[in-house]
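Laboratory data are not the source of any read-out in this text; all were calculated from the coordinates shown. Quantities reported herein were computed from a predicted structural model and do not represent experimental measurements. As a convention, Cβ positions derive from the backbone with ideal geometry for all residues, glycine included, and neighbour counts pool all protein chains shown.
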Amino acid sequence: MAATNDRWTWVVGTASVGTLPSYPGRRYGDRVGYRIEPGAPESRVLLHVPHAATAIPPEVRAGLLLDDAELATELAAMTDAGTDVVAAGAAERARIRPWAFVNELSRLVVDPERFPDEREAMAAVGMGAVYTRTSDGRPLRTDEDPGLVARWFEPYARAVTELVRARLDAVGAVTIVDVHSYPVQRLPYERGGAHRPAICIGTDDYHTPQWLVDLVTGAFAGCGESAVNTPFAGCYVPLAHYGVDPRVTCVMIEARRDVGPELVVPGLTRLIDGL
Ligand SMILES: [Zn+2]
């Protein structure tokens, strides 16, 4: 999926998914690393797009053990390219525009979806909040955390938390929809099952009620088969709310990368409209 993104015209492959209005989002040039795209005041939906970007600040790039060709290969494997475009297309089409929180930096800087501590199972393969291994197990960094958690992970987590709290104050409940894609071929780092459905639905025991799973399954029926927590599991909830706040529900959508935006965008739009 090739994406071009100049913030005005959003195109994935051959399918135009629409034109966005300009938002007062903060850009990477401001050294923030994420942007918030405001939705309707009454929306209870927050789209979270953590893995779409490829940008790596120069001082972070300098700490990676890959040459430029190797880095390009790793970014191609690990980036959920075009998921920001998919989210924007669905946001534009939805009856009530959802809010969106978009990571503008590569997950090779920090992965905002991982626990920054010993709770993170993926740390065992060098892929905790700060990756030390590539997707095929080669060394990515020598230093486990050259200040990246404090510089990038924690401000990002605080900003998501603040946005969720603001939306809870405004409308009383929030559903976080985590928007991802995943490769057709299994990558060596993966720990999940072998089954690779068109749509993988990631759930959390506490934060994902069955009605939400059913809603996702129906919304994405046009994409092909869906399955729950295979090959990837879980969904993103800010730690302040994790396991303690039933007003925050969540679900993760992982679209297999051969499922085109012409199918995923309408599916995501149906999901938003059903929430
Ligand atoms: Zn992802």
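Just a few scattered comments:
- Amide H contacts under 5 Å for MET127, placed H, 5+ residues apart: THR132
- Choice from ALA53, ALA121, ALA233 with maximal GNM fluctuation in the chain (Cα, 10 Å cutoff): ALA121
- Mean-square fluctuations from a GNM of the chain, with a 10 angstrom spring cutoff on Cα atoms, peak among GLU118, GLU104, GLU262 at GLU118.
- Selected from LEU75, PRO146, ALA88, residue furthest toward positive end of dipole (region 22-274; charges at beta carbon): ALA88
- With θ taken as phi - 60° and the Karplus curve 6.51 cos²θ - 1.76 cosθ + 1.60 applied, the whole-hertz 3J(HN,Hα) list for region 69-82 is 5, 5, 5, 4, 5, 5, 5, 5, 6, 9, 7, 8, 4, x Hz, x standing for glycine and proline.
- Enclosed volume per residue, in Å³, of the convex hull spanned by Cα atoms of region 161-209: 130
- Mean sequence separation of contacting Cα pairs (under 8 Å, at least six apart), scaled by the length of the chain, corresponds to a relative contact order of 21 percent.
- Remark: region 197-207, residue by residue, has Karplus-estimated 3J(HN,Hα) of x, 4, 10, 9, 9, x, 10, 10, 4, 7, 9 Hz, where x stands for each Gly or Pro and the curve is 6.51 cos²θ - 1.76 cosθ + 1.60 at θ = phi - 60°.
- Counted over all Cα-Cα pairs of region 101-223, pairs farther apart than 27 Å make up 29 percent.
- Each helix, a run of at least 4 DSSP H residues, gives -39500 (n - 2.57); summed and divided by the residues of the chain, these come to -7500 deg cm²/dmol at 222 nm.
- Rounded to whole Hz, the Karplus (6.51, -1.76, 1.60) HN-Hα couplings of region 243-258, x for glycine and proline: x, 10, 10, x, 6, 9, 10, 8, 8, 10, 10, 10, 8, 4, 6, 8
- Candidates ALA91, ALA166, ALA100: whichever shows maximal mean-square fluctuation once the chain is modelled as a Gaussian network with Cα springs under 10 Å: ALA166
- Taking amide H as placed 1.01 Å from N in the peptide plane, PHE232 has no amide H partner under 5 Å among residues 5 or more places away or on another chain.
- Of the beta bridges in the chain, as assigned by DSSP with both residues counted there, near 45 percent are antiparallel.
- Considering region 22-274, its Cα convex hull presents a mean projected area of 12.6 nm².
- Cut-off under 5 Å, modelled amide H: who pairs with ALA100 long-range: GLU37, GLY39, LEU47
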